[in-house]
1. Taking the convex hull of the alpha carbon atoms in the stretch 25-134, what volume per residue do you get, in Å³?
2. At a Cα cut-off below 20 Å, give the aspartates and glutamates reachable from LYS64, other chains included and same-chain residues fewer than 8 away excluded.
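Every read-out reported here was derived from the displayed coordinates using simple, explicitly stated rules and does not represent laboratory data. All of these numbers come straight from a predicted model, not from anything done at the bench.
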Amino acid sequence: MIEINLIPQKLKKQKQVQFVFMAGAAGAGMIIAAMIAVLFLQYRQIAEIDSRIKRIDAESGSLKDKIDEVKQFRAKDDTFARKKGIVDKLLAVQAFWPELLDRVGSMLLPDMWLTELNQVSEKDTGVEIHIEGEAMTKVMIADFIKRLNESPYVADIKTASISDAPQSDKGMTFASFSINFTYKKTDGRAAVNSSAAAK
């Protein structure tokens with residue numbers, strides 16, 4: 001009778017099955033470890049992103065306060081600029097008439113005087129002025145008009161009239177005149193919406 005011993009083959013097959021099982025378990029373990037590592041990395045990234053978001057929120061909160069301060073400063077600056085503009089305009093208007101009277105008065109000859117000075121209108125180029133006055137002679141009036149014409153502050157001279165004035169109580173005869181001209185605007189001079197009269 002012939003006997004065949006199959007035990008080594010069974011053991012061999014069992015070892016092969018065990019090896020496959022162990023290899024599969026090891027592979028599964030490696031996959032699980034890799035997944036855990038990926039999850040850990042993702043968790044760290046999420047934690048870092050949350051930290052950045054909190055930091056940005058804190059910075060934006062402090063920036064919001066600064067932005068509010070800048071807005072308040074700009075509002076105050078705009079208010080100041082408007083008030084300064086009003087004050088500058090008022091000062092320019094206040095200084096206009098003394099300047100005009102001083103310049104026109106410096107062109108008057110002796111024995112010549114103004115009886116009226118007022119504003120007619122305002123243009124882009126300047127203020128239209130009307131003056132009336134008297135002089136001892138018509139020659140003086142002609143010389144005064146020449147001085148006005150040579151002034152860098154005067155333009156568009158229009159002589160309305162030159163005539164003999166009524167005799168005075170002492171029997172003296174005067175020449176009267178009426179002149180319109182444009183007084184040029186200089187830098188920084190505000191609009192003038194008032195009138196003055198010298199009598």
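1. Details: hull volume 18.1 nm³, N = 110.
Convex hull of Cα atoms, per residue: 164 Å³.
2. Those aspartates and glutamates meeting the cut-off are ASP77.
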